Amino acid sequence: MNATSPAPAPGTGPEAAPGRIVLLTTSHRVAPGLLSWPAWQALRAADRVLCADGAHPQLPYLREAGTAVDEAAPTAEELVDACAGGRTVVVVATGEGEPALTDGLARLAGSGRVRMPELELLPASYDLPGARLLDLVQVMDRIRAECPWSSQQTHQGLAKYGIEEAYELVEAIEEGDREELREELGDVLLQVVFHARIAEEDPDAPFSIDDVAGGIVAKLVHRHPHVFGDEKATTPEEVKEHWLRTKAVEKQRTSVTEGVPLGQPGLALAAKLASRVRTAGLDVPPPRAAGIGYELLALAVRAEAEGVDPEAALRAAARAYRDAIRAKEAAGRG
């Protein structure tokens, strides 16, 4: 450079290479320290690692692995300056995802006045399917501990809500309302988690939601040998045969009527009994006697034999009756 050559403008020389910002996100639903290999590579190669939250659950594990972490909450401008000279800065994001910082970086980039570092969003851990169920368990724990109403509930007191929510779920299915179906499934799931949380406090036979889930997983695996074992099943009928055979071995029942809840609606009860009789190959015709009850029983048995759910069929007819009533009322008002 000769004496008349202009000096490089500040921030334009090779020493001012913009560098790189890595925003590292983690899931609180995955155990701290279980990070992806690209995340560990980025942390080890970084010139500086920052985290605004001194209580971030990842910090002890990062430091144990030899990664120095500075507890700092830089502004967008400060972070860009920290990357000058081609340096790489990793920001371990807090649970909120650092919206103020990312918004500030977006404003700087949009201004056109700043040479921006390369910006990378690097998920270090991912939620697996079903991970939000952990949130539900945590929320239920807190509600049980802190809510004056929820903390006093018992299995017996909640029983009626389980029935109500199940009926509302069935109604959403029959109405074909997808949004309502999603909501009602959540309400039914809440009943399961609520009862399991109450069960943890039982002094004699406590169990948790993990015990509930573990039990149904074991049952499903055992009753699906064609999926998890060596047996073969190519039709729904063969699957049902596997299910009934393994269930019979598990339960060791002396009657096909065992396990049929008598508290369910009458038509559903009659159809369930008829299904058990038909599946077992028994020849037990419904008793014949005078009265509407016996007539309904015969209709329910007939419906089950024809593959019709009598309870659902009656509800559909009742809805049609309701619509007819409303139409008549509207005509009267007109």
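Screening GLU98 with (1) under 18 Å from ILE21 (Cα atoms); (2) surrounded by fewer than 15 Cβ atoms within 10 Å (Cβ to Cβ); (3) at pLDDT below 90; (4) not aromatic (Phe, Trp, Tyr) gives one miss only, at (2).
Each residue in the range 103-115 was checked for being crowded, with 17+ Cβ neighbours inside 10 Å and either within 20 Å of ASP53 (Cβ to Cβ) or in contact (Cβ under 8 Å) with a residue 60 or more places away in the chain (or both), and 2 pass. Against the condition modelled with pLDDT of 85 or more, among the acidic types (Asp, Glu) and surrounded by 13 or more Cβ atoms within 10 Å (Cβ to Cβ), how does ASP309 come out, does it pass? Considered against the rule, which asks whether it is modelled with pLDDT of 85 or more, among the acidic types (Asp, Glu) and surrounded by 13 or more Cβ atoms within 10 Å (Cβ to Cβ), ASP309 comes out as yes. On the given criteria, is ALA331 crowded, with 16+ Cβ neighbours inside 10 Å and either touching a helix residue (DSSP H, G or I) at 6+ places or on another chain (Cβ under 8 Å) or without any contact (Cβ under 8 Å) to a residue 12 or more places away in the chain (or both)? For ALA331, the condition - crowded, with 16+ Cβ neighbours inside 10 Å and either touching a helix residue (DSSP H, G or I) at 6+ places or on another chain (Cβ under 8 Å) or without any contact (Cβ under 8 Å) to a residue 12 or more places away in the chain (or both) - is not met.
Inside the range 197-219, can you point out the residues that are part of a helix (DSSP H, G or I), among the aliphatic types (A, V, I, L, M) and open to solvent by less than 70 Å² (accessible area, probe 1.4 Å)? Explain how you work it out, then say what you get.
Of the range 197-219, the ones part of a helix (DSSP H, G or I) are 197-199, 209-219.
Right, trim to among the aliphatic types (A, V, I, L, M) and you get 198-199, 209, 212-213, 216-218.
Residues satisfying the conditions are ILE198, ALA199, ILE209, VAL212, ALA213, ALA218.
When the range 283-306 is filtered for residues that are outside any helix (DSSP H, G or I), open to solvent by less than 90 Å² (accessible area, probe 1.4 Å) and of a type in the set (Gly, Ala, Ser), the ones remaining, listed by number, are ALA289, GLY291. Is it the case that VAL277 is farther than 27 Å from GLY162 by Cα, hydrophobic (A, V, I, L, M, F, W, C), out of contact with any helix residue (DSSP H, G or I) (no Cβ under 8 Å at 6 or more places or on another chain) and in a helix (DSSP H, G or I)? Taking the combined requirement at face value, the residue satisfies it. Only residues that are touching a helix residue (DSSP H, G or I) at 6+ places or on another chain (Cβ under 8 Å) and surrounded by 17 or more Cβ atoms within 10 Å (Cβ to Cβ): list them for the range 67-95, please. Passing the criteria: THR67, VAL69, PRO74, ALA76, LEU79, VAL80, THR88, VAL89, VAL90, VAL91, VAL92. Taking residues in the range 272-286 that are over 18 Å from GLU311 (Cβ atoms), and partners anywhere that are loosely packed, with under 12 Cβ neighbours inside 10 Å, not one pair has Cβ atoms closer than 8 Å while being at least 6 places apart or on different chains.
Taking the range 174-196, which residues are over 17 Å from the mean Cα position of the chain (by Cα) and either loosely packed, with under 15 Cβ neighbours inside 10 Å or of a type in the set (D, E, K, R) (or both)? Selection gives GLU174, GLU175, GLY176, ASP177. Considering the range 62-77, and only residues there that are more than 16 Å from ALA46 (Cβ to Cβ) and assigned to a helix (DSSP H, G or I), the residue that is farthest from the chain's Cα centre (by Cα) turns out to be GLU77.
The values are calculated or read from the model by the stated rules, or taken from the named source; none is laboratory data. Note that this is a predicted model, so its numbers are computed, not measured. Ideal geometry is used to build each Cβ from the backbone, glycine not excepted, and the neighbour counts take in all protein chains shown. When the accessible area is computed, the model is the full protein with side chains, heavy atoms only, and any ligands, DNA or RNA have been set aside. Shrake-Rupley method; radii C 1.70, N 1.55, O 1.52, S 1.80 Å.
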